[in-house]
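The values are calculated or read from the model by the stated rules, or taken from the named source; none is laboratory data. Remember, predicted model here, so these are calculated numbers, not experimental data. All Cβ positions, even for glycine, are placed from backbone atoms using ideal geometry, and neighbour counts span all protein chains on display. Remember, those area values only see protein heavy atoms, side chains included, never the ligands or the DNA or RNA. Shrake-Rupley method; radii C 1.70, N 1.55, O 1.52, S 1.80 Å.
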Amino acid sequence: MIRSATAHTDNIDSAEDLAQVAKDLAREIKKKLPLAQNSCGVLFCDIDFVEPDFVNALAEEFPFPIIGASSLATITASGYHNFSAQLTVLTSDDCNFSTVATNPLTAENYREEVSSSFYQAQEKLGDFPAKAIFLFSPLIPLTFEQSEFAPLLSELSGGLPVFGGAASDYMDFTHYKTIYNDQIYSDRLVILLAGGDIRPVFSVNDQPSVTGAFGKVTQAEGCIIKTVDGQPFTEYCRSSGFKKNLDIIARLYIIRAKYFDADGRSYYINRTVQSIDEETGSALCSAPIPDGAEISLCVVTRSDIAATAQNGIDDLNRQIAENQTDGYQYSTIFAFSCALRHMILAHDAPREGQIIKDSLISGIEVTGFYTLGEFAPVFFLENGEKSRFLNCTLVLCAI
């Protein structure tokens, strides 16, 4: 089993002495958590904390690896935090944690680099059977590759669940970073492979309020939808009731997409609309939506976010209760929520974290952040889960 502890600071002013912030976080962890044989750290923090002084000082405090990502905001067992830095340490005698950072990724090398890194992490895990993968990526804007990382890791691992998210920033999409020990990256994945006596359970929650009829994508190229039901995307929007000012779709609406795998299985994923080109009648989306997928224009409300948060933590608590047998105890919930959900909540941003806090089982740590895209399983086969890149979704995972 795993034991864990989380330390955090909400004092952005303390960023003036980043080395001291790191030492304070380390002191709190050491006070809370005696270390077992195997340990690792997971760090989520505001971009103002992602500086060499901070990560160097933190790496010097611990004899084990630390991985993480920059974050728009974070979630712990005490709720929502803005302008924060938080470190969670996992430790165990009968589990092991293997971490790795890829080399810089390009469209040409990402499959080779991700594959090589996974096998390296698998080898470092030793005799502990791998049970779950945690993945943090830099945002690779509007490219096919970003949506390929989780499916590739699912394939390489034989169906292990993949959890995590794309590093976030202040929504200017230029300052996102991943963290590996004392290194800061903008072009590398960081991966945590967890193995041993681990029983991961999870809940994926993304149901929006549907506002438009479903149509079939009849022509798409990468992240661009060109036609739906044989007509330009813009005409599909107008037939769904948007008579003018289609720019509002990119600001306020999402696409609910029904995908089909090679065997005909279907699953739903939310996608955001980045922009609409009236001249070509096309839409640029956050990830590819292929020919044959079915889509609907949807709106996500604050009530939707509250409902999915409550449903998510209730479902996770039920699974925890069902799986805490033979003396097994869950210690940690990872929470990955979309930055778009944060934006929709606006002045009510703490609401989602508060729901998780209010429904939390006593004694379980929570660590997570608001991402620029989430990783999680979307359907199941006999040989394991199939994980994907998601949008406008809350992912909860307990180990």
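Quick notes on this structure:
- In the chain the longest region clear of GluC sites (Glu not before Pro) that are loop-assigned by DSSP and have at most 11 other C-beta atoms within 10 Å covers 109-277.
- Accessible area (Å², 1.4 Å probe, nearest 10) - Thr6: 10 Å²
- Each Lys and Arg Cβ is given +1 and each Asp and Glu Cβ -1; about its Cα centre, the chain then shows a dipole of about 880 debye.
- Based on the Kirkwood approach, the hydrodynamic radius assigned to the chain is 21.3 Å, with every pair of different Cα atoms included.
- Gain on full stretching of the segment that runs from Asp94 to Arg351 - 0.36 nm per residue minus C-alpha separation: 88.9 nm
- Gap separating the Cα centres of the range 325-345 and the range 71-145, nearest whole Å: 16 Å
- One quarter of the convex hull surface built on the alpha carbon atoms of the range 46-91 amounts to 3.6 nm², the projected area averaged over directions.
- Rounded accessible area of Arg27 (nearest 10 Å², 1.4 Å probe): 140 Å²
- Comparing Cys95, Cys338, Cys237 in a Gaussian network model of the chain, where Cα atoms under 10 Å apart are tied by springs, the biggest mean-square fluctuation is seen for Cys237.
- Whole-percent carbon and sulfur share, accessible surface of the chain, 1.4 Å: 47 percent
- Looking at the range 120-197, the DSSP beta bridges with both ends there are about 65 percent antiparallel.
- Approximating the spin labels as points 7 Å out from Cα along Cα→Cβ, the Lys124-to-Asp358 distance works out to 4.1 nm.
- In the range 129-234, Cα pairs under 8 Å separated by at least six residues give a relative contact order of 30 percent.
- Using the Cβ of Thr227 as centre and a radius below 11 Å, the other residues enclosed give a net charge of -2, where K and R count +1 and D and E count -1.
- For the chain, built as a Gaussian network whose Cα springs stay under 10 Å, the top-fluctuating residue of Ser186, Ser98, Ser266: Ser266
- Selection among His8, Thr393, Thr211 by position relative to the dipole of the chain gives Thr211 as farthest towards the positive end (Cβ unit charges, Cα centre).
- Working from Cα pairs under 8 Å separated by at least six residues, relative contact order for the chain is 21 percent.
- Projected-area average for the range 318-399 over all orientations - Cα convex hull basis, square nanometres: 6.4 nm²
- The distance between label points at Gln329 and Ala213 comes to 5.7 nm (points 7 Å beyond Cα on the Cα→Cβ vector).
- Note on the range 170-282: percent of Cα-Cα distances in each 10 Å bin, starting at 0 and stopping at the bin with the largest distance, equals 10, 31, 27, 22, 9, 1.
- Each principal axis of the Cα cloud of the range 1-137 was evaluated for its coordinate range; sorted largest first, these ranges are 42, 38, 27 Å.
- Only lysine pairs 8 or more places apart, or on different chains, with alpha-carbon atoms under 17 angstrom apart are counted in the chain, and they number 7.
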